[in-house]
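Here's the structure, in structure tokens; my notes come after.
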Amino acid sequence: MSKKKSPRQIAANAMSRLRRDSSLITGNRSPTHPLSRVELLAGGEFVGWDARIDAQIRLSALPVGELSPRCRQAVQAAIGDPVAKRLRRARAILFEESVSEATDPEVARECGRVDELLAFNLAALGCRHASAEICAAALDRWSNLLSTGMHGEAYLVLRTAVVWSGDAAFDRVDAPYHPEPNYARLSQLDLDPARMSEFAQAVSDSVAQLHATDDVLRGGAGIAAPQDGGLALDFPDEPGPPAPAVEPPEPQAGRTLVVVPSLGHLATPTKYAQERRDSPRAEFEKIAGRGLPLLPAPDPQAFVEEGSAAAPWLRPVFEVLAQDLVGAPYAWLRPTVLVSPPGTGKTATVRAVSKLLGLPLRLYSAAGASDGSFGGTSRQWGTGRASIPLQTILQEEVATVAIGIDEIEKSSLDRRNGSLADTLLPFLERENAKHIFDLYIETGVNLSPITYLATANGVAGIPEALRDRLRILEVPSPGIEHLPVVAANLLSEIRADRGLDAAWLPDLDGDELDLVGRHWRGRSLRPLRRLVETVLAGRDRLAPRH
């Protein structure tokens, strides 16, 4: 059995992988469309490695016809000649448009988003104020990533902050602009690990000093507190040996969360309604005001090893997801979309991840969804129901569940009855999810511990606002070298479908695997399943009859 890795080792492995290839976080090194804010903060590139071309594409995507004449003029001028002066003006007016009560809310949101992203283009063109803005945003994100144990991405974001902080010292908008890939600058940056370790140890010592001071001031260890209020506890000047890796605290046993508060504001159900549970209060009273279990997080290393044993080609995916579990108080992953071509097992991966997390799973098909009913429906209509996540919590009676959103890019963008993409936005942000107002029970509920895992064949059909809230993971496809493992997995599924055990339906033998391998070259699992079923049918025909 392999030795369990410490959180420090897991973090080091994550950093090493992302330093070799950061595309899972930063997007393609040669993007064909402008990247999101999250990708840019981690060191993502401009389209064509040119901040001007990137800005033109961003501005051209705005609904120009719906902008005010003043804003439209500024945007069109910046598209025609994307120099720093014009981009500054366009950005300032876009901000005004985004906060104006006269602007359509959807247009206002889009103006605000582009205003925020143009800071990166301006910084590249030499604007010191934009560089300082990005540096501050990167440091804020770095702090948040550290608090959630995502050390790999935290490293990338800290590197971005350091690079842009240097640019914030001088304004270079009048200097000639020479397009170049951003990763070239980032890769040249050497974050001296020895000095960073020394600094971290000094921070640790300072915390220890404060705790020791507090103990003395409280009279701890039999020492009388000083009368003059002054106290200094010195530590050795020379740094000692590196501090050992600290294991994360064990999750608190029996940790719970009240998802639904008291429902006293709703009418008391009649006896008939109580028996049939056909009123909101009767339906939800069994979890109202009650602390529901927060299921514990699995060990990150065990999560990776167990998942990789069943699907070795998915090891990079499991390793990225495992970063969320380091030191986590309960099982939870950041909202994530798994992207790969059709038939490569994305939905099966969602099921596998949920099983490894120990979370109940509700799969929701987004293909063709043309309304916002995912978020629940009001009782002012003929029928009403709670949101999909809240229904799942009610059924499972736990606060931590997984919601799988299948083929998220295929949902309708028609907003006449609401849209799935718009409805999902508050659910995917933890601060907003703590106070989601449920239309059915007419009160705020806490849905922050829910894990959202989506699948997509590509990200092009996912609206930018939704894409910005999702971690995008490219899912590798299985190759011919994985045939024995994949075939064994498919046989397990077929046994479950037919209600048989391995004695009646054994795994494929060597000849059968060779036969299947001649007709399958990897990637899609659907033709592989048909091949395996054909081999099994041949078994049935050739089996002796008694």
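The values are calculated or read from the model by the stated rules, or taken from the named source; none is laboratory data. What you are looking at is a predicted structure, and each value in this text was computed from that prediction instead of being measured. Virtual Cβ from ideal backbone geometry, glycine too; neighbours counted across all protein chains shown.
A few comments on the model shown:
- When the criteria are applied in full, Leu473 meets the requirement of being modelled with pLDDT of 80 or more, within 30 Å of the chain's Cα centre (by Cα) and outside any helix (DSSP H, G or I).
- Checked against the criterion of being under 22 Å from the mean Cα position of the chain (by Cα) and polar (S, T, N, Q), the candidates Ser68, Ser60, Ser16, Ser30 yield just one match: Ser16.
- Any hit, the range 7-17, residues being part of a loop (DSSP other than H, G, I, E, B) and either of a type in the set (D, E, K, R) or out of contact with any Pro (no Cβ under 9 Å at 6 or more places or on another chain) (or both): no
- Every residue from the range 504-538 that is out of contact with any helix residue (DSSP H, G or I) (no Cβ under 7 Å at 6 or more places or on another chain), assigned to a helix (DSSP H, G or I), of a type in the set (Asp, Glu) and closer than 15 Å to Val485 by Cα: Asp514
- From the list Gly149, Gly126, the one residue that fits, being modelled with pLDDT under 85 and outside any helix (DSSP H, G or I), is Gly149.
- Among the candidates Ala78, Ala55, Ala14, Ala74, residue that is surrounded by 15 or more Cβ atoms within 10 Å (Cβ to Cβ) and under 27 Å from Asp324 (Cβ atoms): Ala14
- Residues that are modelled with pLDDT under 90 and within 23 Å of Ser524 (Cα to Cα) do not occur anywhere in the range 324-337.
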